[in-house]
Amino acid sequence: MSTAKIYSPAKNVMQSGKHGLGTWLLEYEAGEPKVPDPIMGWAGSGDTLSQLKMRFESQEDAEAFAKSKGIAYRVVRPQKSKLHLKAYSDNFK
């Protein structure tokens, strides 16, 4: 059985809103590499678990689910964003 990754997704860069920032995802890591289909050219594999994403309210809920189902997992902590505040007049220096 493959391992799962538990992480909090980053904010969408195309929007300024912060909806959905407190959620955590449990996502299986790919168990086998994707191979291009000779006819269509699409990449695919026989590993259907890599298509599964489960959403949880907190990191503890995701870890509890993984432990209850016997899923090996790793937690990826979110990175803190840095604000680079500057004055408007700095654009003309």
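The values are calculated or read from the model by the stated rules, or taken from the named source; none is laboratory data. Everything numeric here is computed off the predicted structure, so don't read it as measured data. In this analysis, Cβ positions are derived from the backbone assuming ideal geometry, glycine residues included, and neighbour counts consider all displayed protein chains.
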Check your understanding: Here is a list of conditions, (1) aliphatic (A, V, I, L, M); (2) free of Cβ contacts under 8 Å to residues at least 60 places away in the same chain; (3) out of contact with any Gly (no Cβ under 9 Å at 6 or more places or on another chain), and Ala66 meets all of them except one; can you say which number that is?
Key -> (2)
**Study point:** Among (1) part of a loop (DSSP other than H, G, I, E, B); (2) at pLDDT below 90; (3) surrounded by 14 or more Cβ atoms within 10 Å (Cβ to Cβ) - the single one Ser50 does not satisfy
**Key:** (1)
**Study point:** Test: Ala66 is aliphatic (A, V, I, L, M), part of a helix (DSSP H, G or I) and under 16 Å from Leu21 (Cα atoms)
**Key:** no
Revision key, fill the gap. Condition set part of a loop (DSSP other than H, G, I, E, B) and over 18 Å from the mean Cα position of the chain (by Cα), scope the stretch 69-93, selection farthest from Leu26 (Cα to Cα): answer is Lys93
Revision key, fill the gap. Being surrounded by 10 or more Cβ atoms within 10 Å (Cβ to Cβ) and not aromatic (Phe, Trp, Tyr) narrows Gly31, Gly41, Gly17 down to just Gly31
**Study point:** Checking Gly20 against (1) assigned to a loop (DSSP other than H, G, I, E, B); (2) at pLDDT 90 or above; (3) within 16 Å of the chain's Cα centre (by Cα), the condition it does not meet
**Key:** (2)
Check your understanding: Would you pick out the residues in the stretch 53-63 that are surrounded by 12 or more Cβ atoms within 10 Å (Cβ to Cβ) and assigned to a loop (DSSP other than H, G, I, E, B)?
Key -> Ser58
**Study point:** Residue check, Trp24 of a type in the set (Phe, Trp, Tyr), surrounded by 14 or more Cβ atoms within 10 Å (Cβ to Cβ) and without any contact (Cβ under 8 Å) to a residue 40 or more places away in the chain
**Key:** yes
